[in-house]
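Reading through the structure tokens given below for one structure.
The values are calculated or read from the model by the stated rules, or taken from the named source; none is laboratory data. The structure presented is a predicted model; accordingly, all values stated were derived computationally and were not measured. Reconstructed Cβ throughout: ideal geometry from the backbone, glycine too, with neighbour counts over all protein chains shown. Ligands, DNA and RNA are stripped out before the accessible areas are found, and what is left, the full protein with its side chains, is counted by its heavy atoms. Shrake-Rupley method; radii C 1.70, N 1.55, O 1.52, S 1.80 Å.
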Amino acid sequence: MREDIINLKNNAIGQIMDTDSDKELEELRIEYLGRNGKINEFLIDLKKLKPDERKDVGILINESKKTIESTLNDKIENLTQFKVDTKEWFDLTAPGVKSEIGNLHAQTKVLTEILNQFSYLGYQIADGPEVESDYYNFEVLNFPKDHPARDAQQTMFFDVTGTKFKPGELIPRTHTSAMQGRVMQKMKPPFRVVVPGRCFRYEQIDASHGVDFWQVEGFAVDKNITFTDLLGTIEYVLKGVFGSDAQIRFATTFFPFVEPGVDTYLKCTVCKGKGCSFCKKSGWSEIMPAGMIHPNVLSTCKIDPKVWRGFAFAIGLSRVVTLKYKIDDLRTLTNPDLRILKQY
Ligand SMILES: [Zn+2]
């Protein structure tokens, strides 16, 4: 009887697989699984067996029934899935529509390149909050409350009515330099750190300014750091990103958190130095302000300025992207038009 059951199961599976007709499949269901079907005939015959044989044969009959059932159901499902609606004609030989592959945003690509340059120089990457306290955004960096240099930061403020914060206590950070204090208070020198992130300023929006922009802040603190180390680092990174023929020039400037301060200009890649709206007709674009960390900043962070020295710099990421891809308007980067985004 065992052999008969196994033969029956194999026959059923063979017949099911051989047909593509719904009608024949239904007939096979009745033939094998129906009330008077072949499986039930075996169940009736089961009573004729000795009690000790019944259990095993019973299990075999049930398993065979399940296998036939699932084979039938799979076949029906398969047929429905690939059934062609013959009422509506379509060309099976027509080529398919190719799905497009996305690409990284120009800003993401350039950020990765910049961070790679710094990783070659042994820098670590830190991340910080976009909503920052006045203390870390200004005070730690040698901007006392009444310092006129705060004006240059074009700070935006939150309406804190009804919260536990005082007006001006929390702000959207104006620079990622706000992380300098957080890192310097936590880590012991020597260290080299870069902080990429989004910053916010109340700016007049034009071809080279926006109200939110990306900055890569970086700083290094060690025992024998000099101003020439800073200039060398800037040159290494900018030439790594823009190529070895990039033209760079430096000019002295003032920021409260550095002394001396230096501004880095890159020859405008949009107009090749001839002067355009992007470089305000000067032929050069400000790209990386920097300087030696002010001793006041080090001592506020409990680092002895008589033992340790450091330098800091900030890269305007969005500006690097526009200069690298020769985009004459910063606003292009936030334009969601795919025809533009696909070009980079
Ligand atoms: Zn230009």
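Structural remarks
- Extent along principal axes [Cα atoms of segment 1-116; Å; largest to smallest]: 83, 47, 19
- The peptide list 211-222, 253-264, put in order of mean Cβ contacts within 10 Å with the highest first, becomes 211-222, 253-264.
- Equivalent ellipsoid dimensions for segment 305-344 as semi-axes, Å, which come from the Cα gyration tensor, largest first: 36, 9, 8
- Interchain or long-range residues, amide H under 5 Å from residue 253's placed H: 261, 262, 263
- Length available on full extension from residue 6 to residue 296: 0.36 nm per residue minus the Cα-Cα distance, which gives 95.4 nm.
- Calculated mean residue ellipticity, 222 nm, the chain: -11500 deg cm²/dmol, from DSSP H runs (n ≥ 4) at -39500 (n - 2.57) each, averaged per residue and rounded to 500.
- For a paramagnetic label modelled on residue 157 (point 7 Å from Cα along Cα→Cβ), amide N atoms under 19 Å away belong, within segment 173-196, to 173-175.
- When the alpha carbon gyration tensor of segment 1-62 is reduced to an equivalent ellipsoid, the three semi-axes, largest first, read 26, 12, 7 Å.
- In Hz, Karplus ³J(HN,Hα) per residue of segment 279-288 (6.51, -1.76, 1.60; θ = phi - 60°; x = Gly, Pro): 9, 6, 6, 8, x, 10, 10, 5, 10, 8
- In this structure, the pairs whose alpha-carbon distance is over 19 Å, taken from 109/326; 98/342; 109/281, are 109/281.
- Lys-Lys pairs in segment 2-81 that are eight or more residues apart or on separate chains and whose Cα atoms lie under 17 Å of each other come to 14.
- Table column - 3J(HN,Hα) (Hz), segment 30-43, Karplus curve with 6.51, -1.76, 1.60, x for Gly and Pro: 5, 4, 9, 10, x, 4, 9, x, 5, 5, 5, 4, 5, 5
- Scoring 190-196, 110-116, 54-60 by mean Cβ neighbours within 10 Å over their residues and listing the highest first yields 190-196, 110-116, 54-60.
- Mean Cβ neighbour count within 10 Å, used as a protection proxy, ranking 319-325, 172-178 highest first: 172-178, 319-325
- A convex hull fitted around the alpha carbon atoms of segment 67-211 yields 406 Å³ per residue.
- Long-range HN-HN contacts of residue 195 with modeled amide H, under 5 Å: 126, 217, 218
- The chain: Cys lacking any partner C-beta under 4.7 angstrom: 199, 301
- Averaged over its residues, the chain has an accessible area of 59 Å² per residue, based on protein heavy atoms and a 1.4 Å probe.
- In order along segment 121-134, the Karplus-derived 3J(HN,Hα) couplings, from 6.51 cos²θ - 1.76 cosθ + 1.60 at θ = phi - 60°, round to 8, x, 7, 9, 10, 10, 10, x, x, 7, 8, 10, 7, 4 Hz, and Gly and Pro are given as x.
- Expected-Rg normalisation [2.2 N^0.38 Å, Cα atoms] applied to the chain: 1.80
- Carbon/sulfur fraction of accessible area - segment 176-222, other protein chains in place, 1.4 Å, %: 50 percent
- Normalised contact order of the chain, rounded percent, pairs of Cα under 8 Å and 6 or more residues apart: 14 percent
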